[in-house]
Amino acid sequence: MSFWEITFYLAQGFGVTLLLFVLTLLFALPLGLVFAFGAMTKFKPLRWLTRGFVYIIRGTPLLLQLMIVVYLPGLAFNYPLPKWGIFGGNTDAAYFFGALVGFVINYACYFSEIYRGGIENIPRGQYEAGQVLGMTRSQVFFKVILKQVFKNVLAPISNEVVTLVKDTALARSISVLEIFFCAEQVLSREMIIWPLFYTGAFYLIFNSLLTFLFGKMEKRMARYR
């Protein structure tokens, strides 16, 4: 393979990495807020169930969770993931879906703890002040509290987002054709090492862009302190 053929092949893998990254954020960010509400609810069974689930997910490796999502349906129910009808038997798409489910659940649990910490750090007096002004609890939360929570959690959220970019490489363990998996294939076929460093450049450039964007957002939010 020529340099440009390898570059194009790795770019295709990066496209899969980017899609996994974007979809994970799209679903994990709101789901994390749902988990945070569940962990703070006054209904004790739901609170302990949510906190127990988050504890298990945060306490076990993401790699293990990916393997369970992908292989459990086939091993436990004799219903292998690649044969799911919605994929028309497409193994690559099915494995991608399994990776997406694993990533969303994992990162939603991490985001939920960040949200919960941000919400609980808001002084209770702000809730009371809003209610004195005639606002309902939901109005106080969405119009007053949530904006402050966003400022408080932006830095830890940005750190998790950067970590997510690097964690997408774990999808290779379940045969998702992301960029690192593609680089390994080139390495084994062509017996050349530089595609691995080339792959590292993809990650570094993308993370640098994310770091720059989050830095801009933090500076913008700092105006309102």
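The values are calculated or read from the model by the stated rules, or taken from the named source; none is laboratory data. All values reported here derive from a predicted model rather than from experimental measurement. For neighbour counting, all protein chains shown are included, and Cβ atoms are generated from backbone atoms with ideal geometry for every residue, glycine included.
For every residue, the table says whether it meets (1) surrounded by fewer than 20 Cβ atoms within 10 Å (Cβ to Cβ); (2) at pLDDT 80 or above; (3) touching an Asp or Glu at 6+ places or on another chain (Cβ under 9 Å); (4) under 30 Å from L72 (Cβ atoms).
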position: Y107; (1), (2), (3), (4): no, yes, yes, yes
position: Y115; (1), (2), (3), (4): no, yes, no, yes
position: F142; (1), (2), (3), (4): yes, no, no, no
position: A155; (1), (2), (3), (4): yes, yes, yes, no
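Scanning segment 171-204 for residues that are β-branched (V, I, T) and within 22 Å of the chain's Cα centre (by Cα) returns I174, V176, I179, T199. When the test is whether a residue is within 18 Å of the chain's Cα centre (by Cα) and hydroxyl-bearing (S, T, Y), T168 passes it.
Per the listing E128, E160, E120, the residue uniquely closer than 30 Å to L210 by Cα, surrounded by fewer than 17 Cβ atoms within 10 Å (Cβ to Cβ) and acidic (D, E) is E120. The residue that is farthest from T17 (Cα to Cα), counting only those in segment 203-215 that are modelled with pLDDT of 90 or more and of a type in the set (F, W, Y), is F212.
Can you find a residue that is under 30 Å from L100 (Cα atoms), in contact (Cβ under 8 Å) with a residue 60 or more places away in the chain and out of contact with any Gly (no Cβ under 9 Å at 6 or more places or on another chain) anywhere in segment 117-137?
Looking for residues that are under 30 Å from L100 (Cα atoms), in contact (Cβ under 8 Å) with a residue 60 or more places away in the chain and out of contact with any Gly (no Cβ under 9 Å at 6 or more places or on another chain), one finds at least one in segment 117-137, hence yes.
Among the residues of segment 1-34, which ones are closer than 19 Å to Q185 by Cβ and of a type in the set (S, T, Y)? Working first, answer last.
Filtering segment 1-34 down to residues closer than 19 Å to Q185 by Cβ leaves 1-20.
Result: S2, T7, Y9, T17.
Quick one: in segment 25-58, of everything that is in contact with a helix residue (DSSP H, G or I) (Cβ under 7 Å, 6 or more places away or on another chain) and either hydroxyl-bearing (S, T, Y) or not in a helix (DSSP H, G or I) (or both), which residue is farthest from I157 (Cα to Cα)? Restricting to residues being in contact with a helix residue (DSSP H, G or I) (Cβ under 7 Å, 6 or more places away or on another chain) and either hydroxyl-bearing (S, T, Y) or not in a helix (DSSP H, G or I) (or both), the top hit is T41.
The residue list E218, E190 contains one member that is closer than 26 Å to E5 by Cα and at pLDDT below 85, which is E190.
Of the residues making up segment 144-153, just one is within 17 Å of K219 (Cβ to Cβ), of a type in the set (A, V, I, L, M, F, W, C) and surrounded by 17 or more Cβ atoms within 10 Å (Cβ to Cβ), namely V153.
Annotation note: Cβ proximity below 9 Å between a residue of segment 161-189 that is under 13 Å from L100 (Cα atoms) and a residue that is part of a loop (DSSP other than H, G, I, E, B) and modelled with pLDDT under 85 (sequence gap 6+ or interchain) occurs for A171/L177.
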